[in-house]
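Okay, structure first, notes after.
The values are calculated or read from the model by the stated rules, or taken from the named source; none is laboratory data. Predicted, not measured: the structure shown is a model, and the values here were computed from it. In this analysis, Cβ positions are derived from the backbone assuming ideal geometry, glycine residues included, and neighbour counts consider all displayed protein chains. Calculation scope for accessible area: heavy atoms of the full protein, side chains included, ligands and nucleic acids excluded. Shrake-Rupley method; radii C 1.70, N 1.55, O 1.52, S 1.80 Å.
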Amino acid sequence: QVQLVESGGGLVQPGGSLRLSCAASGTFFLGYSMGWHRQAPGKERELVATITRSGGAYYGDSVLGRFTISRDNAKNMVYLQMHNLKVEDTAVYYCNLGGTASGYWGQGTQVTVSS
């Protein structure tokens with residue numbers, strides 16, 4: 001079984017920074033891309049960033065220039081470094097392994113940007 005466990009969420013002020021982590025465990029194809037998606041109340045789930053095993057990254061327009069995705073293949077970890085956080089970034093952030101169609105999801109971690 002595959003497990004993805006996110007951590008690092010919390011409450012942060014606008015303009016602040018936060019670093020999310022996702023630990024993958026179990027049996028899975030090591031060539032899978034990993035990524036972060038988020039969902040705010042009443043809104044559709046949105047792709048935040050993805051990263052291939054070799055390090056190629058893609059960012060959604062809303063976070064480009066503010067967020068950085070990275071991964072440590074030896075540790076099966078993926079990270080999301082978030083800077084200049086905005087109120088609109090408030091959402092549950094989910095870690096994904098292997099794509100949205102047939103991949104795996106973590107339980108999510110709440111990020112709240114508020115004064």
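Here's the picture: charge each Lys and Arg Cβ at +1 and each Asp and Glu Cβ at -1 in the chain, and of 17, 115, 74 the one pushed furthest to the positive end of that dipole is 74.
Taking the Cα centre of the chain as origin, work out the dipole magnitude from +1 charges on Lys and Arg Cβ and -1 charges on Asp and Glu Cβ, in debye rounded to 20. Each step should come with its number before you reach the end.
On the way: 9 positive and 7 negative charges, 35 e Å.
So the magnitude is around 160 debye.
Once the Cβ-Cβ distance of residue 101 and residue 66 is raised to the sixth power relative to R0 = 25 Å, the FRET efficiency obtained is 0.35. Computed extension length for residue 19-residue 81: 21.9 nm, one decimal, from 0.36 nm per residue of separation with the Cα-Cα distance subtracted.
Find, among the chymotrypsin sites (Phe, Trp or Tyr not before Pro) in the stretch 1-97, those assigned to loop by DSSP (not H, G, I, E, B) with at most 12 other beta-carbon atoms within 10 angstrom.
Numbers: sites: 28, 29, 32, 36, 58, 59, 67, 79, 93, 94; in loops: 28, 29, 32.
Those satisfying the criteria are 29.
Find the accessible area per residue for the chain; the probe is 1.4 Å, ligands and nucleic acids are left out, and the unit is Å².
Numbers: 6140 Å² over 115 residues.
Heavy-atom SASA per residue in the chain reads 53 Å².
Here the accessible area of the stretch 26-115 is 51 percent carbon and sulfur, with a 1.4 angstrom probe and all protein chains present.
I'd like the FRET efficiency for residue 3 and residue 115, computed as 1/(1 + (r/R0)^6) with the beta carbon distance as r and R0 of 30 Å, rounded to 0.05.
Details: r = 35 Å, r/R0 = 1.17.
Efficiency at R0 = 30 Å is approximately 0.30.
Which whole-number value in Å³ per residue fits the convex hull of the alpha carbons of the stretch 60-115?
On the way: hull volume 5.8 nm³, N = 56.
Spread over its residues, the Cα hull of the stretch 60-115 gives 104 Å³ apiece.
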